[in-house]
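Asker: My structure is below; once you've seen it, I'll send some questions.
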Amino acid sequence: MNQIIAPCTCGKSHIELRHLPSFRFFCHCTICQRVYGKPYSDVAATHMRNVTLPAQHATRFGKYKRFMALDRGLCGECGEPVVGFMRYLPGVPLAMVPVANLGEQGASIMPRMHIYYGTRQRDIDDDLPKYEGALRSITACIAPFLASCAKSEDPPKNVAA
């Protein structure tokens, strides 16, 4: 697959992906609600190796909590999310990409679950599994994320269990 450009709403900030992520979920944590300005975020996770941030970029990064913090990159112009980075497990650096930034290609990634559902703003009527709390949410993401890395063309090395 050709390189994928994933821009923010205004187009001033973007990332480049070597291939389309395959693990998508909805996050209802209060930080995502605040950053996205919506009841939940719709993101696709991929190994950080899949993502390139251009040398000249307008993305500003910041962490909104201390433990297991996602380093969230927001466009310096429009303030919309561009990408988030975190070390999910030792040896597994993770990138979270807003599905909206993937354009039409994002619709082809089927959502797998809702996480942090206990802090939802409203109930969601779908058949996806819903996980409440940090521990259950994080644990629920581990197996699907590792499986998506194994299917990708550039799987992680030295994944610690």
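The values are calculated or read from the model by the stated rules, or taken from the named source; none is laboratory data. Bear in mind that the values here come from a model prediction, so they are computed numbers and not experimental data. Positions of Cβ are backbone-derived with ideal geometry, glycine not excepted, and every protein chain shown enters the neighbour counts.
Asker: So in the stretch 20-64, with the set limited to residues that are more than 13 Å from residue 94 (Cα to Cα), among the small types (Gly, Ala, Ser) and assigned to a strand (DSSP E or B), which one is farthest from the chain's Cα centre (by Cα)?
Answerer: The selected residue is 62.
Asker: Then there is this: Show the residue pairs that are 6+ apart or on different chains and have beta-carbon atoms under 7 Å apart, the first residue being within the stretch 81-96 and within 13 Å of residue 46 (Cα to Cα), the second being assigned to a strand (DSSP E or B) and at pLDDT below 80.
Answerer: If the second residue must be assigned to a strand (DSSP E or B) and at pLDDT below 80, the pairs left are 94/88.
Asker: Exactly one of (1) farther than 23 Å from residue 5 by Cα; (2) in contact with a helix residue (DSSP H, G or I) (Cβ under 6 Å, 6 or more places away or on another chain); (3) of a type outside the set (A, V, I, L, M) is unmet by residue 122. Its number?
Answerer: (2)
Asker: I've got another one for you. Can you name the residue in the stretch 89-106 that is touching a strand residue (DSSP E or B) at 6+ places or on another chain (Cβ under 9 Å) and outside any strand (DSSP E or B) and is also surrounded by the most Cβ atoms within 10 Å (Cβ to Cβ) among such residues?
Answerer: Once the filter is applied, the top-ranked residue is 101.
Asker: List every residue pair whose Cβ atoms sit under 9 Å apart, with the two residues 6 or more apart in sequence or on different chains, where the first one lies in the stretch 1-16 and is free of Cβ contacts under 8 Å to residues at least 40 places away in the same chain and closer than 11 Å to residue 80 by Cα and the second, anywhere, is in a loop (DSSP other than H, G, I, E, B) and of a type outside the set (D, E, K, R).
Answerer: Here the result reads 11/78, each pair linking the stretch 1-16 to a residue that is in a loop (DSSP other than H, G, I, E, B) and of a type outside the set (D, E, K, R).
Asker: I would also like to ask the following. Select from the stretch 107-148 the residues that are small (Gly, Ala, Ser) and part of a helix (DSSP H, G or I) and list them in ascending order.
Answerer: Of everything in the stretch 107-148, those that are small (Gly, Ala, Ser) and part of a helix (DSSP H, G or I) turn out to be 107, 108, 118, 134, 137, 140, 143, 147, 148.
Asker: Follow-up. Here's a check for you: in the stretch 36-49, which residue that is surrounded by fewer than 21 Cβ atoms within 10 Å (Cβ to Cβ) and touching a residue at least 24 places away in the same chain (Cβ under 8 Å) is farthest from residue 78 (Cα to Cα)?
Answerer: 49
Asker: Moving on. Would you tally the residues in the stretch 127-137 being surrounded by 12 or more Cβ atoms within 10 Å (Cβ to Cβ), of a type in the set (D, E, K, R) and out of contact with any Gly (no Cβ under 8 Å at 6 or more places or on another chain)?
Answerer: 2
Asker: Give 69, 45, 58 a once-over and let me know the one that is within 18 Å of residue 113 (Cβ to Cβ) and modelled with pLDDT under 95.
Answerer: Within the list 69, 45, 58, the selection yields 45.
Asker: Let me ask something additional. Does residue 27 fit the bill of being crowded, with 17+ Cβ neighbours inside 10 Å and in contact with a helix residue (DSSP H, G or I) (Cβ under 7 Å, 6 or more places away or on another chain)?
Answerer: No; evaluated as a whole, the condition is false for this residue.
Asker: Let me ask something else about it. Given the criterion over 12 Å from the mean Cα position of the chain (by Cα) and crowded, with 17+ Cβ neighbours inside 10 Å, identify the matching residue among 109, 124. Before you say what the answer is, go through the steps one by one.
Answerer: Values: 124 fails: crowded, with 17+ Cβ neighbours inside 10 Å.
Among 109, 124, only 109 is over 12 Å from the mean Cα position of the chain (by Cα) and crowded, with 17+ Cβ neighbours inside 10 Å.
Asker: Anything in the stretch 1-19 that is buried (at least 16 other Cβ atoms within 10 Å of the Cβ) and over 15 Å from the mean Cα position of the chain (by Cα)? List them, or say none.
Answerer: Within the stretch 1-19, 4, 9, 12, 13, 18 meet the criteria.
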